[in-house]
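Structure, as structure tokens:
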Amino acid sequence: MATMSNGTSEQRIARKYPGIAWQRVWKNVHTTGLPDPIKSTWYAAIHEIIPTNERLAAIHLTTTSSCVRCGATDTLLHRLIACEEGPVIWTWTKTRTAAILRIHPTHIPEEWILRPTFHHWTPQRQAAIIWIVAHLVAYRLQTQRRLSLNDYMDFLQRARLKEYHLGPKTPTVGRYLDVL
């Protein structure tokens, strides 16, 4: 981290994207009650420290920035929503998120995945949207399984059951996850 003139330290990601409301991003990541493995995966994605081929090629650890699955540039956003089943999973997720927010799915921006700066709703609705986006990132960054829409829906159902049955008596997400 670089030290700023006022004595505070600034993270690399904040220097790379100075127009982002980083205080809101960190508040969203840390105030939701996400399981630690989900939170740490999302944190790594937000900080762009996931070893994509684009990142590895930039530091000369691989010879190509191309995705091994489809040949497109292997960026983090590409892995999350564009490669293989990504567009189907992202469309399904946007539809469910839009149902919670009572808006049209076209109003759910891709930026929410890596720059969750939003804060517009009641605390439980906000927590539900954060929960869904963080679980999407964690699911899509798994490498040990096939990442189909049906597998994603099963992953979310199991996580939702844990949230509702193993968590606190009143989940931080309310009943908003019932749309999943």
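Scanning segment 38-49 for residues that are of a type outside the set (Phe, Trp, Tyr) and within 14 Å of Leu136 (Cβ to Cβ) yields Ile38, Lys39, Thr41, Ala45, Ile46. Checking Leu61, Leu80 one by one, the residue that is more than 28 Å from Lys162 (Cα to Cα) and either surrounded by 13 or more Cβ atoms within 10 Å (Cβ to Cβ) or out of contact with any Leu (no Cβ under 7 Å at 6 or more places or on another chain) (or both) is Leu61 and no other. Of the residues Pro87, Pro123, Pro105, the single one that is over 23 Å from Ile13 (Cβ atoms), touching a residue at least 24 places away in the same chain (Cβ under 8 Å) and of a type outside the set (D, E, K, R) is Pro123.
A quick yes/no check of all residues on (1) under 16 Å from the mean Cα position of the chain (by Cα); (2) assigned to a helix (DSSP H, G or I); (3) at pLDDT below 95:
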position	(1), (2), (3)
His78	yes, yes, no
Glu84	no, no, yes
Trp90	yes, yes, no
Ile100	no, yes, yes
Thr106	no, yes, no
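Every listed requirement among (1) under 21 Å from Glu85 (Cβ atoms); (2) part of a helix (DSSP H, G or I) is met by Gln142 save one, (2). Scanning segment 148-163 for residues that are surrounded by fewer than 19 Cβ atoms within 10 Å (Cβ to Cβ) and under 18 Å from Glu84 (Cβ atoms) turns up Ser148, Leu149, Asn150, Asp151, Met153, Asp154, Phe155. Is it true that Ala98 is farther than 27 Å from Lys27 by Cβ, surrounded by 14 or more Cβ atoms within 10 Å (Cβ to Cβ) and without any contact (Cβ under 8 Å) to a residue 24 or more places away in the chain? Judged against the criteria, Ala98 is not a match.
Quick grid of which residues meet (1) part of a helix (DSSP H, G or I); (2) modelled with pLDDT of 90 or more; (3) not aliphatic (A, V, I, L, M):
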residue: Asn6; (1), (2), (3): no, no, yes
residue: Trp26; (1), (2), (3): yes, yes, yes
residue: Ser40; (1), (2), (3): yes, yes, yes
residue: Tyr43; (1), (2), (3): yes, yes, yes
residue: Glu54; (1), (2), (3): yes, yes, yes
residue: Thr64; (1), (2), (3): no, yes, yes
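The values are calculated or read from the model by the stated rules, or taken from the named source; none is laboratory data. Only a predicted model underlies this, so the values are computations on that prediction, with no experimental measurement involved. Backbone-built Cβ (ideal geometry, glycine too); neighbour counts: all protein chains shown.
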